[in-house]
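Note sheet for the following structure.
The values are calculated or read from the model by the stated rules, or taken from the named source; none is laboratory data. A quick note: this is a predicted structure, and the numbers were derived from the prediction, not measured. Every residue, glycine as well, gets a Cβ built from its backbone with ideal geometry; the counts of neighbours run over all protein chains shown. Just the protein is used for accessible areas: all its heavy atoms, side chains included, with ligands, DNA and RNA removed. Shrake-Rupley method; radii C 1.70, N 1.55, O 1.52, S 1.80 Å.
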Amino acid sequence: MEVDDDNSPSTSAAVPDGETTVPTANSTPVQPPAVPPAVVPPTIAPLPAVVPPIAPIPAVRPPVFKPPVPQNGEVKAVDSDSDHEDDGRATAGEYEISEESRLVRERQEKAMQELLMKRRAAALAVPTNDMAVRTRLRRLGEPITLFGEREMERRERLRMIMAKLDSEGQLEKLMKAHEEEEAAISAKAEDIEEDIEYPFYTEGPKELLDARIDIAKYSIVKAAARLQRARRKRDDPDEDMDAEIDWALRQAGNLVLDCSEIGDDRPLSGCSFSRDGKLLATCSLSGVAKLWSMPRVSKVSALKGHTERATDVTFSPVHDLLATASADRTAKLWSSDGSLLKTFGGHLDRLARIAFHPSGKYLGTTSFDKTWRLWDIDTGMELLLQEGHSRSVYGIAFHQDGSLVASCGLDALARVWDLRTGRSILALEGHVKPVLGASFSPNGYHLATGGEDNTCRIWDLRKKKSLYIIPAHSNLISQVKFEPQEGYYLVTSSYDMTAKVWSGRDFKPVKSLPGHEAKVTASDISADGRYIVTVSHDRTIKLWTAGNIEQENDMDWTEG
């Protein structure tokens with residue numbers, strides 16, 4: 001019995017797994033209940049089987065979280081405890097992250113390349129002169145300019161092209177060839193420049209040179225006569241300048257409407273007296289110019305030839321000729337009997353005003369092509385194409401000496417040009433709106449301009465500044481004219497349907513000439529100062545005369 005206690009199941013349970021027990025004779029009856037030991041190992045065996053697969057799990061999970069998830073701003077958690085599920089989700093997460101990372105990396109690499117390219121471009125020597133930039137682009141086989149490209153943009157484009165060539169290793173080869181070419185060209189240019197002296201002016205035709213010489217000779221004689229007359233009036237004790245001016249202003253103050261005549265079916269745009277005062281010329285938007293006899297204003301002839309509206313008409317101060325300007329871009333020269341003599345074509349846009357040189361040999365025209373031109377009336381040749389205004393040129397007037405010409409335009413600027421040298425000697429700034437009319441005073445040193453700012457400005461050419469500002473009208477001033485003999489008064493016409501007379505001494509108002517029912521487009525004064533004519537968009541010609549001129553002439557004849 002003691003042996004049986006020693007061979008109890010608890011004792012046998014302590015036998016290790018790897019050892020076998022040898023049954024004995026004494027223990028034979030005990031074997032049937034000893035069958036349970038086979039069940040005990042399975043209950044203990046699963047424990048080691050479960051523990052080994054659990055141990056590698058911590059080693060598998062860390063790589064799932066190691067990829068750069070925070071760079072993309074996303075955090076992905078894995079909740080599954082299964083090896084298969086963990087592997088699948090980790091693979092999907094790695095694919096999404098790597099795609100985003102690849103895009104980010106590409107952007108970073110591209111930005112880095114651009115930065116390096118800019119740094120390399122900044123280190124390259126790029127010409128600053130635009131012509132040099134264009135030359136370099138041409139030599140590199142690139143377009144010298146792109147549509148709408150400015151100078152700085154063109155230079156930056158050259159910089160980037162050179163940087164690209166440098167990165168490809170081609171810049172040194174190209175630049176070496178170009179430097180050799182430049183050296184050859186500069187050597188040739190130096191050889192040529194040693195033999196050639198470039199002029200500081202734009203060379204014109206020989207006819208222009210002859211015209212300048214002729215104008216200089218003419219102006220010297222005229223200026224000497226004007227100065228001699230002025231000295232005589234100043235030194236002669238019998239000459240009373242104030243009394244003469246007062247008499248002229250009284251005559252202007254007595255102006256009355258003498259005649260009104262329908263001038264055309266369309267609005268009138270210009271008018272001019274002949275040199276002897278016996279003829280009056282008008283033009284209209286119909287393109288027809290008409291001649292009228294004075295002082296009855298009866299129609300003499302019609303001048304038809306323009307295909308567009310006529311903008312201005314003027315008589316020659318020397319010959320019985322007249323010229324018309326038109327929107328058909330031409331000016332035409334007519335005889336007083338109505339026959340067409342010459343057509344002056346060359347302007348690129350419609351003409352505005354027209355004027356004869358005091359010598360009667362040349363004709364000046366202004367145009368909306370931003371130029372004014374000088375023509376030879378004998379040959380019909382264009383002698384001078386003068387630029388200088390930034391916008392359309394409208395008004396033109398010649399100095400009575402013939403040496404100067406004034407032009408004004410829509411750039412609110414009036415310019416004075418020396419016809420003997422071709423230089424712009426004065427730029428008169430003061431008007432704030434387009435300047436439409438200009439006129440030189442016979443005294444030789446006053447210039448009047450009028451424009452869309454409703455003012456008439458008097459400029460002193462000796463002081464090169466504005467002498468007086470006349471707030472003349474309530475609408476734009478279409479034309480300004482000085483009295484042609486002595487400049488004792490001036491006349492302004494305006495779109496406020498009136499013309500006004502102003503003193504040439506103190507520029508005070510002398511007389512207002514109302515009567516038109518539409519805007520007054522032009523006016524003129526006869527050579528003897530007896531008549532003033534105005535034309536308007538109301539299609540009428542109005543002739544103004546001093547009421548007591550004939551009476552005073554009769555009194556003078558009786559006293560004589």
In the stretch 379-405, residues that are under 24 Å from the mean Cα position of the chain (by Cα) and not in a loop (DSSP other than H, G, I, E, B) total 6
Identify the residue in the stretch 145-176 that is over 19 Å from LYS118 (Cβ atoms) and open to solvent by less than 50 Å² (accessible area, probe 1.4 Å) and, among all such residues, is modelled with the highest pLDDT. GLU149
With ALA325, ALA355 as the choices, which residue is farther than 24 Å from ARG420 by Cα, touching a residue at least 12 places away in the same chain (Cβ under 8 Å) and in a strand (DSSP E or B)? ALA325
So, in the stretch 474-484, exactly how many residues are free of Cβ contacts under 8 Å to residues at least 40 places away in the same chain and open to solvent by less than 20 Å² (accessible area, probe 1.4 Å)? 0
Could you identify the single residue in ALA289, ALA281, ALA310 that is open to solvent by less than 20 Å² (accessible area, probe 1.4 Å) and either within 35 Å of the chain's Cα centre (by Cα) or among the hydroxyl-bearing types (Ser, Thr, Tyr) (or both)? ALA310
Just to check your reading of the model, which residue among GLY444, GLY451 is of a type in the set (Gly, Ala, Ser) and open to solvent by 10 Å² or more (accessible area, probe 1.4 Å)? GLY444
Suppose the filter is open to solvent by 10 Å² or more (accessible area, probe 1.4 Å) and either of a type in the set (A, V, I, L, M, F, W, C) or not in a loop (DSSP other than H, G, I, E, B) (or both); does ALA527 pass it? yes
In the stretch 353-392, anything crowded, with 23+ Cβ neighbours inside 10 Å, more than 15 Å from LYS342 (Cα to Cα) and hydroxyl-bearing (Ser, Thr, Tyr) is listed as THR366, SER367
Hey, could you check the stretch 485-518 for residues that are in contact (Cβ under 8 Å) with a residue 60 or more places away in the chain and within 18 Å of VAL256 (Cβ to Cβ) and say which is surrounded by the most Cβ atoms within 10 Å (Cβ to Cβ)? TYR489
Residue by residue through the stretch 532-554, note down the ones that are of a type in the set (D, E, K, R) and either open to solvent by less than 60 Å² (accessible area, probe 1.4 Å) or at pLDDT 95 or above (or both). ASP538, ARG539, LYS542, GLU552
Considering each residue of the stretch 283-322, count those that are polar (S, T, N, Q) and assigned to a strand (DSSP E or B), and give that number. 6
Before we move on, is ASP265 touching a strand residue (DSSP E or B) at 6+ places or on another chain (Cβ under 6 Å), surrounded by fewer than 18 Cβ atoms within 10 Å (Cβ to Cβ) and over 17 Å from GLY487 (Cα atoms)? no
The lone exception for ASP337 - which of (1) more than 16 Å from THR282 (Cα to Cα); (2) more than 36 Å from the chain's Cα centre (by Cα) it fails: (1)
